[in-house]
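What follows is a single structure, written as structure tokens, with notes after it.
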Amino acid sequence: MTDAESPTPGRGRWRRRLGYAAAAVVLAFLAWALVDGWSQVRRYQWDVDVPLLAASVAVLLVFFATSGLGYVGVVEALAPSPRPSRRAMLRVWATSLLGRYVPGSVLMVVGRLEMGRDHGVARRVSAAALVYEQSLGLGVAAIGSVGFLAAYGAVGSRWAVLAVLAVPVLLVALHPRVFGPLSARALAAVRRPPLERLIRRRDVLALVAWYALTALLLAVGVWLAMRALAGPSVGSAAFVGGAFLFAFTLSMVLIIFPSGLGVRDGAFALALAQHVPQGVAVALSVSCRLLLTVVELVFVGLVVMGTRRR
């Protein structure tokens, strides 16, 4: 049995179909809200601030770069010597992003494990690094969401708020005394040896601080974009950025949706609708996803071109 065992084909197909069906339903309601509020969108005083939008793109590019470097740092802390080059692992991380939009992110996971193996990183190490990365990013975003909910009140249903509030416990699981036994049991279940190295407690704390920086960059980048499109009425940086972190956390909790498709957009639009008309809020939320997708693809392209073997 290999380090990274793929899910059974039948189960994978059904999960993919269910994910797309659920996403289609959510997107249908979003489309209906946008059409229903189109008159509000047309009446809204749109005045795109191009310099501010360019600043948003720059901040988001830095966000993707810091996220990728965070993953590289995790791999370096876990992988025994000799370790692959940082350039190679950054390329692996960036390229694997293209698989995130498949329900459950199966292609992203498998791609990262296999590409990492090509550079000498065992699949079990890449899998552990991915767990650290996702837990750090999601846990820090959830902490930001808790701050947002405390400052501005609940957004959406009670179960959604409770789900987000429970996420920060993931950070506790990264302590070596917790992660070590858990990872050993998981690897033993697939007949693989335990990890040779674990990330020390102080290094976990350093990674939490690093991923807090990435969350801040993401929040600021999104706020700059919304401010550039809708003006000051969209809300403060704390409100817009916090709302996006909340929507992001909720979409990650509901992993059945491909890359949070529909859930993140709907939750973000619901929050923005507190300051702008509903139709405008939906248009802004969809624009935010489009912008993030474009910036992500640009970043992947830059990394691939910049890390080509000479």
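The values are calculated or read from the model by the stated rules, or taken from the named source; none is laboratory data. A quick note: this is a predicted structure, and the numbers were derived from the prediction, not measured. Heads up, the Cβs are rebuilt from the backbone with ideal geometry, glycines too, and the neighbour counts pull from every protein chain shown.
Key figures for this structure:
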item: Conditions (1) over 18 Å from the mean Cα position of the chain (by Cα); (2) farther than 15 Å from LEU138 by Cβ; (3) surrounded by fewer than 22 Cβ atoms within 10 Å (Cβ to Cβ): number failed by ALA173; result: (2)
item: Residue in segment 256-269 that is at pLDDT 85 or above, among the β-branched types (Val, Ile, Thr) and out of contact with any Asp or Glu (no Cβ under 7 Å at 6 or more places or on another chain) present; result: no
item: GLY144, sole failed condition from (1) modelled with pLDDT of 85 or more; (2) surrounded by fewer than 17 Cβ atoms within 10 Å (Cβ to Cβ); (3) of a type outside the set (A, V, I, L, M); (4) under 21 Å from PHE239 (Cβ atoms); result: (2)
item: Within segment 174-190, tally of residues that are within 17 Å of ALA206 (Cβ to Cβ) and of a type in the set (A, V, I, L, M); result: 1
item: Tabulated pairs, segment 78-91, first under 16 Å from LEU198 (Cα atoms), second part of a helix (DSSP H, G or I) and of a type in the set (Asp, Glu), C-beta under 6 angstrom, 6+ apart or interchain; result: ARG83/GLU76
item: Scan of segment 72-86 for residues that are farther than 12 Å from GLY116 by Cβ and modelled with pLDDT under 85, ordered by number; result: PRO80, SER81, PRO82
item: Meets criteria (at pLDDT below 85, assigned to a helix (DSSP H, G or I) and among the hydrophobic types (A, V, I, L, M, F, W, C)) for VAL161; result: yes
item: Only listed residue being in contact (Cβ under 8 Å) with a residue 40 or more places away in the chain, of a type in the set (A, V, I, L, M, F, W, C) and outside any helix (DSSP H, G or I), chosen from VAL280, VAL276; result: VAL276
item: Conditions (1) surrounded by 20 or more Cβ atoms within 10 Å (Cβ to Cβ); (2) more than 20 Å from the chain's Cα centre (by Cα); (3) more than 19 Å from GLN274 (Cβ to Cβ); (4) of a type outside the set (Lys, Arg): number failed by VAL234; result: (3)
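Here's the yes/no breakdown for (1) crowded, with 20+ Cβ neighbours inside 10 Å; (2) out of contact with any Lys or Arg (no Cβ under 9 Å at 6 or more places or on another chain):
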site	(1), (2)
LEU61	no, yes
THR66	no, yes
VAL75	yes, no
LEU78	yes, no
ARG91	yes, no
LEU107	no, no
LEU113	yes, no
ARG123	no, no
